[in-house]
1. Would you calculate the convex hull of the Cα atoms in the chain and tell me its volume per residue in Å³?
2. Please work out how much length the chain gains when fully extended from PHE25 to GLU5, using 0.36 nm per residue of separation minus the C-alpha to C-alpha distance, in nm with one decimal.
3. Of VAL59, GLN33, PRO81, which is farthest along the charge dipole of the chain in the positive direction, counting Lys and Arg as +1 and Asp and Glu as -1 at C-beta?
4. Quick one: dipole size for the chain, taken about the Cα centre, charges +1 on Lys/Arg Cβ and -1 on Asp/Glu Cβ, in debye to the nearest 20.
5. Send over a whole-number figure in Å² for the accessible area per residue of the chain, probe 1.4 Å.
6. Treating the angle as unsigned and between 0 and 90°, give the value, to the nearest 10°, between the Cα long axis of helix 18-37 and the longest Cα principal axis of the chain.
7. Mind listing the long-range amide H neighbours of GLY48? Cut-off is under 5 Å, sequence gap 5 or more, other chains count too, H placed in the peptide plane at 1.01 Å from N.
8. Give the lysines whose C-alpha is closer than 28 Å to that of LYS26, dropping any in the same chain fewer than 8 places away, or say none.
Amino acid sequence: MNNKELIDVLSNRTELSQENVKTLFKSTVDVFQQNLSDGQTIGIQGFGTFEIKRKEEQVSFNPLTKKRMFMPPKITVIFRPSNILKDKIKSIK
């Protein structure tokens, strides 16, 4: 599902105009981006948690060239689903 499809579904379910849903969706994404860039965790009850994880520097080995490479530290966003979401996903067949 892409942004346009999500906006269409939300517009149909909430009976709001697509422009209103689009504005609300953009504002939600902006809040997520701001909070995550500030290092804050975002938890949505029944869905999951978005948080920043710092990966330390490490040395990697390329088996083809037999060379060791230095991997610099990096920051990434991880998502941890809630138990409710995990249970719903498990029931999909």
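1. On the way: hull volume 17.0 nm³, N = 93.
About 182 Å³ per residue, rounded to a whole number.
2. Numbers: separation 20, 0.36 × 20 = 7.20 nm, distance 1.22 nm.
Length difference between fully extended and current span is 6.0 nm.
3. VAL59
4. On the way: 16 positive and 10 negative charges, 143 e Å.
The calculation lands at about 680 debye.
5. On the way: 8100 Å² over 93 residues.
The answer is 87 Å² per residue.
6. Its long axis makes an angle of about 30 degrees.
7. Result for GLY48 returns SER82.
8. Once the sequence-local lysines are set aside, what remains near LYS26 is LYS4, LYS53, LYS74, LYS86, LYS88.
The values are calculated or read from the model by the stated rules, or taken from the named source; none is laboratory data. Bear in mind that the values here come from a model prediction, so they are computed numbers and not experimental data. No Cβ is skipped: glycine too gets one built from the backbone with ideal geometry, and neighbour counts run over all protein chains shown. Accessible surface areas use protein heavy atoms only, side chains included; no ligands, DNA or RNA. Shrake-Rupley method; radii C 1.70, N 1.55, O 1.52, S 1.80 Å.
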